[in-house]
Amino acid sequence: MVKYILSLHTQSSPPEGYQYSLDLHPHYEDNPQEIFTPEIRQELQDTLQQQSLCAIREHHLNQIINAWIEDIQEGYRYTSIRLNLPSLFETNLENFQDNGNQEFPDLFDPELTGIEPTFGMLPSLEDIYTP
C-alpha cells in the first residue's frame, strides 16, 4: 500500500495546510476514482471541515477530489490545493433562527413626585400674552 497525502490550503491555514491521507492498493492507484465512495467523500469532507473550520460544500469537495484523482493518475503522492473557503461560523449564521423573547414586559407607571424643573423652564403662556 502506498500513502497519498492531500494538503488543503485556505486563507487562514498554517503553512503546512490541513492534511488528509489515504493508503491505496495498486488497483486503486490505477483507478483512483473508485476509492472515493460516498463514505470516503463524507469522511474527507468532515475531517477537512473540522481541521480548517471552513465550510466545504459539495462543489468544493468535487474540486478537491478531482484535483487529487488527477494527481494520483499522474503518479504524484502529494497533492496541494488552495481554495478560498467561507468560515463555518459565517455559514452557520445564515441558518441561525431565533425568534427572541416574545413576552411583553410588565408595565408600570413612572414615579414623578420628586421631579421639579430647575433650569431653562419657559414661563407660562398666560403670563406672556394678556389681551
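For Asp106, Asp23, the ranking by accessible surface with the largest value first comes to Asp106, Asp23, using a 1.4 Å probe.
Can you tell me the FRET efficiency between Glu58 and Asp98 if r is taken as the Cβ-Cβ distance and R0 is 41 Å, rounded to the nearest 0.05?
Working: r = 27 Å, r/R0 = 0.67.
That pair, Glu58 with Asp98, gives E of 0.90.
The values are calculated or read from the model by the stated rules, or taken from the named source; none is laboratory data. In this text the structure is predicted, and so the values were computed from the model without any measurement. Because the Cβ atoms are built from the backbone with ideal geometry, glycine has one as well, and the counts that use them run over all protein chains shown. The area values use the complete protein model at the heavy-atom level, side chains included, leaving out ligands, DNA and RNA. Shrake-Rupley method; radii C 1.70, N 1.55, O 1.52, S 1.80 Å.
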